[in-house]
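**Q** After the structure tokens below, expect a handful of questions from me.
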Amino acid sequence: MASEALSGGTIAKPRGRIRVPDTLSRILKYVIYRSVALFATVVIGVYLTVLIANMGGYLDQIRISQIREGIGAAMSLDPANRALAPSELRQRIDEEVLIETQRLNLDQPFFLRSVNYLTDALTLNLGRAEHISSDSGSRQVRLILVERMPATLLLSATANLSLFFIAIFGALFLSRRYGSWLDRIVIALAPTSAIPAWFIGIFLILIFASVFHVLPFGGMVDAPPPPDLGGYILSLLKHMVLPVSALFLHSVFIAIFNWRTFFLIYSSEDYVEMAKAKGLTSRTIEQRYILRPTLPPIVTQFAFTLIYLWQGAIILETVFAWPGLGRMLYQAISIFDVPVIVGNVVLIAYLLVATVFLLDIIYALLDPRVKVGGERKA
Amino acid sequence: MKMPVFLKELLSYRSAVFGLLIIGGLIALAVYTVITIPYDEAIRRWRGGEEIWGDYPRNAVPQWFGVFSGESLPTTIVVNSKDSAIQKKAQTVSADMATADFILPFEYTFDGFPSEINVFLQAQYDKRKPQATLIWKTPDGRDFQLGDMTVGAADRFAISIDQRLARKLNDVRPEIALLADPESLKPGATPKPLKGKYQLVIEGLTFDKGSNLDAKLVLYGQAHGVAGTDHRRRDISVALLWGTPIALAFGFLAAVGSTLTTFAIAAIGSWFGGWWGAAIQRLTEINTVLPTLTILIMIGIFYTRNIWVILGIVIVLGIFNLSIKVYRSMFLQVKEMPYIEAAHAYGASNLRIVFQYMMPKIAPVLIPSFVTLIPSFVFLEASLAVLGLGDPVLPTWGKVLNDAYSNGALYKGYYYWVIEPAVLLMLAGLGFAVVGFALDRIFNPRLREI
């Protein structure tokens, strides 16, 4: 993640002088161009997901046979239909199946249906789930997503926000003490980021739940949940310790390492040497000459951290039985619940693209070197 | 950068030497595996049922566990009457009836009890099934009547779960009661096995001419082999061994496939420019919107779990990642270099310039990112397997982990089952990551200064 920030790192340099109306029209052109491009991106991305999630239309066949099976079983078991001749019963079943397929629009060609899915998804008309229901019993995809979201946000916000700030301040600290034993330890531990969070989670469960019995194996609260609020929060915290630590341990060393390298590159710039020669305090140098030019990538990184919060960690949540979006997505895929899959994907896609768009615009406004609107007048 | 110089530099990093040793060890293990257990044989064994794994204990820990506890953990004892050392006594009783008596002896010297005891009985007969009476004799001279039964072509007498026998033995589990020192079975004491020579006496009675009776006594151990066994009695070492070449091949091929295609497309895009560049930009954006893991899970559940198809999709989804932009900007610089202009001037074809002149120029940049990519793909395979989407046929580390997880290994305390594949995965991950980091410093001089 932080490597993206590194590549965008050479941004803040003195501004040139530009005439305002020219800038405005340029930026307007740029905004329109970017929004069209990004919207096309979402359309294609979501349509691909719709295609894959429907098995290119094959899932319709499965749905129709499920309907036929259900109706067939119900009608042949119905005592009212005992008297019917087999051929007549079959005809009745066919009629019922036809009505049901028409009700679900399954008689339309898949291409039309996929376009309908796409427009529904893009207008955030997420529809009804096929199998999954929310804990309150609703089949509305919107409600299901909203219900699972707090769990995911709680987990990933705690982990990622603490990670983000600890990484930045840890990196600043280390860049001052570069070469110290602490610095060396962080460098040595940086490659451990190759180990995914869920994997670390398994080890944490093994140590703290299986062997020492001090923390729970998984889940979000004790069963039954404690009745009073204090007890509930305590139980929640107890369940959060392991998954949060897993997420944290997975990326804290690489994040510190990357930011540290980044800060070190910036602190070897000539103007920093100049500031040192002027005799400024290291605190002033850090604030004015190192942190300020590195602010744009830090902001970018922070924006992306915020987006990825919404995206549940599928495997981590499955390993810890955490009732968040990631685990629900996996459940939805396992039982072919297309509306839930597509709903989840379109939500993340919009959030992602909106952030990219915002960042683009902010950069275009702040940094004149980001050429917007194509041609430049000499 | 010349190869020897660069190798020397790599070896100057202690961590890289450590990583190279791990990688070398894993490659050696993979080669050894592929030579000793052929592919088909590995699959046949891993997918086999009782015919292959019947004499193996269920959920046995690795044998080296005994070293830590200081006890000799029981291993499996198999005594088969088909063995030439066992004499059968046959006596004719009447025209058709005959006895078939034999003894299955064994010596028990372990500190623990077996996990399970089974007797497999086999008979050949024409019309009437033979009968057998089983008597258990302990070293101190006690006799236990285990039961009488008629024996079909292939029968099993599961001593450990025989309710009637357990009741006769005061509701102590038979595999304990039959082998325990009677003193230690008294209330308040912990049962201890009585060491010495035991016998299972089988008194058979056959009713047809040429009828035959055979028996196999299996005392399943608590420990087995280097890696232990799983819930289906399979020797985990088979999967651990075969997981090595698969993990390495998957990681390597996925890394090579995605980096090289990304690299080539970036080169072509920057050379031809125009709409190529724009298209690459758009495709990269679409790719960031596409949820890779979600798509892989959907493909695993809806279409196929074949590991090589998954590999192909991983490569395709990896082509338009963010590094394509980095490569593109590098190629744009190379494109302006004089030697490219020279090549153009003497009439080299476009493809020749791209593949022979531009790509080799910045190929070294690929090496570190390529090596650091390998562990992420190794773990990707494991991730899919942990979700139950592993290849249905092949034994892999991830599948062992998935088996362990779905059978509650952590709750039940079968730690070895989780730790073994996990340690291998971690070694592979760390080995490549450490080397990749060192390479990154060598090829990326700006990092090296710091």
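**Q** Identify all residues within region B:280-318 that are out of contact with any Leu (no Cβ under 8 Å at 6 or more places or on another chain), facing another protein chain (nearest Cβ under 7 Å) and not in a helix (DSSP H, G or I); write none if there are none.
**A** Across region B:280-318, the qualifying residue is only B:PRO291.
**Q** Only one residue in A:ASP22, A:ASP78, A:ASP107 is open to solvent by 30 Å² or more (accessible area, probe 1.4 Å), touching a helix residue (DSSP H, G or I) at 6+ places or on another chain (Cβ under 6 Å) and at pLDDT below 85, so which one is that? I'd like the intermediate steps shown before the answer.
**A** Values: A:ASP22 fails: touching a helix residue (DSSP H, G or I) at 6+ places or on another chain (Cβ under 6 Å); A:ASP78 fails: touching a helix residue (DSSP H, G or I) at 6+ places or on another chain (Cβ under 6 Å).
Of the residues listed, the single one that is open to solvent by 30 Å² or more (accessible area, probe 1.4 Å), touching a helix residue (DSSP H, G or I) at 6+ places or on another chain (Cβ under 6 Å) and at pLDDT below 85 is A:ASP107.
**Q** Right, here's the next one. Between B:LEU241, B:LEU194, B:LEU248, which is outside the structural domain of B:PHE377 (by TED's automatic domain parsing) and not β-branched (Val, Ile, Thr)?
**A** Numbers: B:LEU241 fails: outside the structural domain of B:PHE377 (by TED's automatic domain parsing); B:LEU248 fails: outside the structural domain of B:PHE377 (by TED's automatic domain parsing).
None of the other options fit; the residue is B:LEU194.
**Q** Same structure, new question: Which ones in region A:311-329 are open to solvent by 20 Å² or more (accessible area, probe 1.4 Å) and of a type in the set (Val, Ile, Thr)?
**A** A:THR318
**Q** Separate question: Could you say which residue among B:ILE161, B:ILE135 is surrounded by 13 or more Cβ atoms within 10 Å (Cβ to Cβ) and over 38 Å from the mean Cα position of the chain (by Cα)?
**A** Values: B:ILE161 fails: over 38 Å from the mean Cα position of the chain (by Cα).
That would be B:ILE135, the only listed residue that is surrounded by 13 or more Cβ atoms within 10 Å (Cβ to Cβ) and over 38 Å from the mean Cα position of the chain (by Cα).
**Q** Additional query: For region A:200-211, give me each residue that is at pLDDT 90 or above and of a type in the set (Phe, Trp, Tyr).
**A** A:PHE208
**Q** Hey, another quick one. Is there any pair with a first residue in region A:347-362 that is part of a helix (DSSP H, G or I) and a second that is among the acidic types (Asp, Glu) whose Cβ atoms are under 9 Å apart and which are 6 or more apart or on different chains, and what are they?
**A** Listed by first residue and then by second, the contacts come to A:VAL353/B:GLU285; A:VAL356/B:GLU285.
To keep it simple, each residue is scored yes or no on (1) under 30 Å from A:THR49 (Cα atoms); (2) open to solvent by less than 30 Å² (accessible area, probe 1.4 Å); (3) modelled with pLDDT under 90.
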| site | (1), (2), (3) |
| --- | --- |
| B:GLY243 | no, yes, no |
| B:GLY274 | yes, no, yes |
| B:THR292 | yes, no, yes |
| B:GLY300 | yes, yes, yes |
| B:GLY347 | no, no, yes |
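**Q** In region B:1-39, how many residues are surrounded by fewer than 11 Cβ atoms within 10 Å (Cβ to Cβ) and either at pLDDT 90 or above or touching a strand residue (DSSP E or B) at 6+ places or on another chain (Cβ under 7 Å) (or both)?
**A** Residues in region B:1-39 being surrounded by fewer than 11 Cβ atoms within 10 Å (Cβ to Cβ) and either at pLDDT 90 or above or touching a strand residue (DSSP E or B) at 6+ places or on another chain (Cβ under 7 Å) (or both): 2 in total.
**Q** Mind checking which pairs have a first residue in region B:41-65 that is on the phi > 0 side of the Ramachandran plot and a second that is assigned to a helix (DSSP H, G or I), Cβ under 9 Å, 6 or more apart or different chains?
**A** Partner pairs satisfying both residue conditions: B:ASN59/B:ALA409; B:ASN59/B:LYS412; B:ASN59/B:TRP417.
**Q** Within region B:73-124, how many residues turn out to be touching a Ser or Thr at 6+ places or on another chain (Cβ under 6 Å), in a strand (DSSP E or B) and hydrophobic (A, V, I, L, M, F, W, C)?
**A** Adding up the residues that qualify gives 4.
**Q** Within region B:404-420, take every residue that is open to solvent by 10 Å² or more (accessible area, probe 1.4 Å) and either closer than 16 Å to B:VAL378 by Cβ or of a type in the set (A, V, I, L, M, F, W, C) (or both) and give me the one that is farthest from the other protein chains (Cβ to nearest Cβ).
**A** B:GLU420
**Q** Can you give me the number of residues within region A:199-255 that are among the polar types (S, T, N, Q) and farther than 30 Å from A:ILE185 by Cα? Give the steps one after another, and end with the answer.
**A** Step one: filter region A:199-255 for residues among the polar types (S, T, N, Q), giving A:210, A:235, A:245, A:251.
From what is left, the residues that are farther than 30 Å from A:ILE185 by Cα are A:235.
Selection size over region A:199-255: 1.
**Q** Do we have A:ALA332 as open to solvent by less than 10 Å² (accessible area, probe 1.4 Å) and over 14 Å from the mean Cα position of the chain (by Cα) here?
**A** On the way: open to solvent by less than 10 Å² (accessible area, probe 1.4 Å): yes; over 14 Å from the mean Cα position of the chain (by Cα): yes.
For A:ALA332, the condition - open to solvent by less than 10 Å² (accessible area, probe 1.4 Å) and over 14 Å from the mean Cα position of the chain (by Cα) - is met.
**Q** Hey, among B:LEU366, B:LEU401, B:LEU425, which residue is assigned to a helix (DSSP H, G or I), open to solvent by less than 60 Å² (accessible area, probe 1.4 Å) and closer than 29 Å to A:ILE265 by Cβ?
**A** Working: B:LEU401 fails: closer than 29 Å to A:ILE265 by Cβ; B:LEU425 fails: closer than 29 Å to A:ILE265 by Cβ.
Answer to the check: B:LEU366.
**Q** Is it fair to say A:PHE253 is assigned to a helix (DSSP H, G or I) and either surrounded by fewer than 19 Cβ atoms within 10 Å (Cβ to Cβ) or modelled with pLDDT of 85 or more (or both)? Break it down stepwise before answering.
**A** Values: assigned to a helix (DSSP H, G or I): yes; either surrounded by fewer than 19 Cβ atoms within 10 Å (Cβ to Cβ) or modelled with pLDDT of 85 or more (or both): yes.
Spelling it out, A:PHE253 is indeed assigned to a helix (DSSP H, G or I) and either surrounded by fewer than 19 Cβ atoms within 10 Å (Cβ to Cβ) or modelled with pLDDT of 85 or more (or both).
The values are calculated or read from the model by the stated rules, or taken from the named source; none is laboratory data. What you see is a predicted model, and the numbers here were worked out from it, not measured in a lab. In this analysis, Cβ positions are derived from the backbone assuming ideal geometry, glycine residues included, and neighbour counts consider all displayed protein chains. Areas reflect the complete protein model, heavy atoms only, side chains present, ligands, DNA and RNA absent. Shrake-Rupley method; radii C 1.70, N 1.55, O 1.52, S 1.80 Å.
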